[in-house]
1. I need the full set of residues from segment 3-32 which are touching a residue at least 24 places away in the same chain (Cβ under 8 Å), over 12 Å from Val97 (Cβ atoms) and among the charged types (D, E, K, R), in order please.
2. Could you list, in sequence order, all residues of segment 35-48 that are at pLDDT 95 or above and loosely packed, with under 14 Cβ neighbours inside 10 Å?
3. Counting just the residues of segment 22-78 that are among the β-branched types (Val, Ile, Thr) and not in a loop (DSSP other than H, G, I, E, B), which one comes out nearest to the chain's Cα centre (by Cα)?
4. Quick one: Glu69 ticks every box in (1) within 29 Å of Lys92 (Cβ to Cβ); (2) out of contact with any Ser or Thr (no Cβ under 7 Å at 6 or more places or on another chain) bar one, so which box is it?
5. Test each condition in (1) surrounded by 13 or more Cβ atoms within 10 Å (Cβ to Cβ); (2) in contact with a strand residue (DSSP E or B) (Cβ under 8 Å, 6 or more places away or on another chain); (3) among the charged types (D, E, K, R) for Arg75 and report the one that comes out false.
6. Do we have Phe61 as touching a Gly at 6+ places or on another chain (Cβ under 9 Å), of a type outside the set (Asp, Glu) and under 22 Å from Arg121 (Cβ atoms) here?
7. Go through (1) assigned to a helix (DSSP H, G or I); (2) modelled with pLDDT of 95 or more; (3) within 28 Å of Ala25 (Cα to Cα); (4) not hydroxyl-bearing (Ser, Thr, Tyr) one by one and return the number of the condition Val144 breaks.
Amino acid sequence: MLSQICFEHVFSSPYKRAIQTIEYALPHANISIHESLKERPIKGNYKLANEERMIALERSFIDIDFCLEGGETVREAQVRALPVIFNIIEEKDWSNVAVGTHGNIMTSMMNYFDPVAFGYRYWVHTSKPDIIKLAFRGYHLDSVDRLHHP
């Protein structure tokens, strides 16, 4: 499906699973690694029951300045990762760019453009891996299409 599209650039998180997904979907891609696309840390290095973690995740999308100790807020994740997206939007010669990242940071970035549509409930329904097409008109997120999910 993606091999039929000519991508001007391909960006990825430095994490192996993001790179492997791109290599699988676009085996001949020249991947540019960006630290800012790594997954959003939800908490520090301590044990937390899954139910508590999910409650905190939901709260973090309602109050984008909330995070657990050692974690990153949605706002902090947006400040970290969105410059990559803004640079893509500003590059007028690029019409197709692939970005390999992770579910929570992806949802956090999408949340910036539409906080109602892209929050906790959207994130919960993502799968691994997903291929999601975002179309922008300037800085407006024009459409979101889920192209593939297992």
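1. Arg17
2. Listed by number, the list holds a single entry, Glu35.
3. Of segment 22-78, the ones among the β-branched types (Val, Ile, Thr) are 22, 31, 33, 42, 55, 62, 64, 73-74.
This time we only want the ones that are not in a loop (DSSP other than H, G, I, E, B), so: 22, 31, 33, 55, 62, 74.
Values: Ile22: 14, Ile31: 16, Ile33: 14, Ile55: 20, Ile62: 18, Val74: 11 Å.
Among residues in segment 22-78 that are among the β-branched types (Val, Ile, Thr) and not in a loop (DSSP other than H, G, I, E, B), the one nearest to the chain's Cα centre (by Cα) is Val74.
4. Against the list (1) within 29 Å of Lys92 (Cβ to Cβ); (2) out of contact with any Ser or Thr (no Cβ under 7 Å at 6 or more places or on another chain), Glu69 comes up short only on (1).
5. In the conditions (1) surrounded by 13 or more Cβ atoms within 10 Å (Cβ to Cβ); (2) in contact with a strand residue (DSSP E or B) (Cβ under 8 Å, 6 or more places away or on another chain); (3) among the charged types (D, E, K, R), Arg75 misses (2) alone.
6. Details: touching a Gly at 6+ places or on another chain (Cβ under 9 Å): yes; of a type outside the set (Asp, Glu): yes; under 22 Å from Arg121 (Cβ atoms): yes.
Spelling it out, Phe61 is indeed touching a Gly at 6+ places or on another chain (Cβ under 9 Å), of a type outside the set (Asp, Glu) and under 22 Å from Arg121 (Cβ atoms).
7. (1)
Residue-wise test of (1) more than 15 Å from the chain's Cα centre (by Cα); (2) surrounded by 12 or more Cβ atoms within 10 Å (Cβ to Cβ); (3) outside any loop (DSSP other than H, G, I, E, B).
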{"position": "Arg80", "(1), (2), (3)": "no, yes, yes"}
{"position": "Val84", "(1), (2), (3)": "no, yes, yes"}
{"position": "Ile89", "(1), (2), (3)": "yes, yes, yes"}
{"position": "Ser108", "(1), (2), (3)": "no, yes, yes"}
{"position": "Ser127", "(1), (2), (3)": "no, no, no"}
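The values are calculated or read from the model by the stated rules, or taken from the named source; none is laboratory data. From a predicted model like this one, the values you see are computed outputs, not experimental measurements. Heads up, the Cβs are rebuilt from the backbone with ideal geometry, glycines too, and the neighbour counts pull from every protein chain shown.
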